[in-house]
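Participant: Got a structure here, written out as structure tokens. Questions coming.
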Amino acid sequence: MSDVTYAAVSVGDPLPAVRQREISRTTLALFAGASGDHNPIHIDIDFAKAAGMPDVFAHGMLGMAYLGHLLTAWVPQSAVREFSTRFVAITQIHAVVTCTGRVVEKREGNLVALEIQAADQNGDVKLAGKAVVELP
Amino acid sequence: MIDRAFIGQSFEPLTVTVEAGRLRAFARATAQRDPIYWDVAAAQAAGYPSIPAPLTFVFTLDLERADPFYFINEMKIELAHVLHGEQAFTYGAPICAGDEVTLISSVKDIYDKKGGAMEFVILETSAQNQRGEDLGSMTRTIVVRNPQ
């Protein structure tokens with residue numbers, strides 16, 4: 001855990017990037033069980049194909065959990081006031097997701113606004129998010 | 001088309017216990033690297049009474065229902081046509097293993113684009129613990145792709 005302070009951060013500062021391992025079918029099976037999201041479109045290729053998809057694909061909330069790791073690797077979780085994302089594209093099976101972010105605004109009350117994203121190994125953005133953290 | 005009469009409707013509240021084992025499974029499944037999310041001693045050293053729930057965990061708590069897709073099914077939406085469009089959280093008191101969390105969800109809006117080809121449902125969920133403390137809220141937007 002770092003000791004990020006309001007005084008020390010500047011607009012434009014990057015967050016340390018967090019790269020995850022390749023998303024395998026096992027990753028999705030374990031996430032389905034652990035997250036309680038049993039939607040078969042993420043774990044059952046027959047269901048996915050019947051729904052018109054070429055294959056299963058990652059739960060959006062798996063990508064958001066990865067974005068959460070980006071935030072809590074930078075500041076303690078208790079500093080996070082708001083956290084949101086758009087799921088802009090499907091994260092395909094076998095994707096290698098890297099989460100990045102930067103400071104976009106310093107506000108009154110020691111609040112710092114961030115833009116964050118999760119992209120795959122081709123640089124295609126999958127999640128485009130925002131967060132507000134309160135720093136000491 | 002989804003019945004717009006669902007706008008404003010609240011669903012049955014859910015009270016669920018935050019289980020340490022589930023938190024550990026979630027940490028493993030998401031390749032968590034910080035031990036406070038699976039080790040009680042590490043969590044306590046960081047100032048938590050027990051393992052904290054990670055930032056997105058309220059979403060998982062709300063799936064602890066007999067029917068995890070309750071609002072989708074009540075609105076007679078075809079699950080195979082559903083995509084998760086957006087998700088937002090605000091935060092209050094921390095949630096830790098052993099807490100009893102009560103979630104109340106309601107439909108904030110339903111609207112469509114592209115002449116009804118895509119419909120959007122916005123569901124807001126508030127969370128409180130057993131001491132009545134505000135744990136924050138979450139807002140999810142689902143996208144329904146209606147076959148033409």
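Participant: Roughly what angle does helix A:60-74 make with the longest principal axis of chain A, taking Cα atoms, 0 to 90 degrees, to the nearest 10?
Facilitator: 30 degrees
Participant: Would you kindly state the longest site-free stretch of chain A, with sites defined as GluC sites (Glu not before Pro) in a DSSP loop (not H, G, I, E, B) surrounded by at most 15 other Cβ atoms within 10 Å?
Facilitator: By the stated rule (loop sites, at most 15 other Cβ atoms within 10 Å), A:23-107.
Participant: Here is a follow-up. Which whole-Hz couplings ³J(HN,Hα) result when phi for each residue of the stretch B:101-114 is put into the Karplus expression 6.51 cos²θ - 1.76 cosθ + 1.60, θ = phi - 60°, listed in order with x for Gly and Pro?
Facilitator: For the stretch B:101-114, the Karplus curve yields 10, 10, 10, 10, 10, 9, 7, 7, 7, 9, 8, 10, 9, 6 Hz.
Participant: Expressed as a rounded percentage, what relative contact order does chain B have, with Cα pairs under 8 Å and six or more residues apart?
Facilitator: So the answer I get is 29 percent.
Participant: Continuing with the same structure: Where does the Debye-calculated log10 I(q)/I(0) of the stretch B:58-128 sit at q = 0.12, 0.21, 0.22, 0.27 Å⁻¹, using only Cα point scatterers of equal weight, no solvent?
Facilitator: So the normalised log intensities are -0.40, -1.06, -1.14, -1.52.
Participant: Also, quick follow-up: How far is it, in nm, from the label point at B:Lys108 to the one at A:Asp46 when both lie 7 Å from their Cα along the line to the Cβ?
Facilitator: 3.9 nm
Participant: In addition: How big is the accessible area of A:Thr72 in square angstrom, nearest 10, if you roll a 1.4 angstrom probe over the protein chains?
Facilitator: 10 Å²
Participant: Any idea how far apart B:Asp3 and B:Ala20 come out in nm if each label point goes 7 Å out from Cα toward Cβ?
Facilitator: Reported label-point gap for B:Asp3 and B:Ala20 is 4.6 nm.
Participant: Which one of B:Ala5, A:Leu127, B:Pro49 is farthest out on the positive end of the charge dipole of the protein assembly as shown, using unit charges on Cβ (Lys, Arg +1; Asp, Glu -1) and the Cα centre as origin?
Facilitator: Looking along the dipole axis, the top candidate is A:Leu127.
Participant: Determine the distance separating the Cα centre of the stretch B:107-143 from the Cα centre of the stretch A:50-115; give it in Å without decimals.
Facilitator: Distance between centres, Cα-based: 18 Å.
Participant: Next up: Over all distinct Cα pairs, what is the inverse of the mean 1/r for chain A, reported as the Kirkwood hydrodynamic radius in Å?
Facilitator: 15.7 Å
Participant: Counting helices only, and only those DSSP H runs with n ≥ 4, report the 222 nm mean residue ellipticity of chain B as the sum of -39,500 (n - 2.57) divided by its residues, in deg cm²/dmol to the nearest 500.
Facilitator: Per the formula, -4000 deg cm²/dmol.
Participant: Of A:Lys130/B:Lys114; A:Lys49/B:Lys114; B:Lys76/B:Lys114, which ones are farther than 22 Å apart at the Cα?
Facilitator: Those over the limit are A:Lys130/B:Lys114; A:Lys49/B:Lys114.
Participant: For the protein assembly as shown, what is Rg from Cα atoms divided by 2.2 N^0.38 Å, rounded to two decimals?
Facilitator: Here the Cα radius of gyration is 0.98 times the empirical estimate.
Participant: Can you list the residues, at least 5 places off or on another chain, whose amide H is less than 5 Å from the amide H of B:Gly85, using H built in the peptide plane?
Facilitator: The list, which skips near neighbours in sequence, is B:Thr141, B:Ile142, B:Val143.
Participant: What average number of partner chain Cβ atoms lie no more than 10 Å from the Cβ of the residues making up A:75-87?
Facilitator: Mean partner-chain Cβ count within 10 Å for A:75-87: 6.
Participant: Restricting things to alpha carbons, tell me how big the stretch B:4-145 is in terms of Rg and Dmax, in Å.
Facilitator: Rg, Dmax (Cα atoms, Å): 16.6, 55.
Participant: Which sequence of B:Asp62, B:Asp67, A:Asp3 reflects their accessible areas, 1.4 Å probe, from the largest down?
Facilitator: Accessible-area ranking of B:Asp62, B:Asp67, A:Asp3, largest first: A:Asp3, B:Asp67, B:Asp62.
Participant: In square angstrom, rounded to the nearest 10, how much accessible surface does A:His38 have for a 1.4 Å probe?
Facilitator: We get 100 Å² for A:His38.
Participant: Compute the helix-to-body angle for A:25-35: its Cα long axis versus the longest principal axis of chain A, expressed 0 to 90° and rounded to tens.
Facilitator: Relative to chain A, helix A:25-35 is tipped by roughly 60 degrees.
Participant: Per residue of B:76-88, count partner chain C-beta atoms within 10 Å of its C-beta, then hand back the mean as an integer.
Facilitator: Counting other chains' Cβ atoms within 10 Å and averaging over B:76-88 gives 5.
Participant: Using the alpha-carbon atoms, what tilt in degrees (0 to 90, nearest 10) does helix B:20-29 show relative to the longest principal axis of chain B?
Facilitator: The angle comes out near 70 degrees.
The values are calculated or read from the model by the stated rules, or taken from the named source; none is laboratory data. Keep in mind that this is a model prediction, so the values were computed, not measured. So basically every Cβ, Gly included, is an ideal-geometry build from the backbone, and we count neighbours across all protein chains shown. Only protein heavy atoms, including side chains, enter the accessible area calculation; ligands, DNA and RNA are left aside. Shrake-Rupley method; radii C 1.70, N 1.55, O 1.52, S 1.80 Å.
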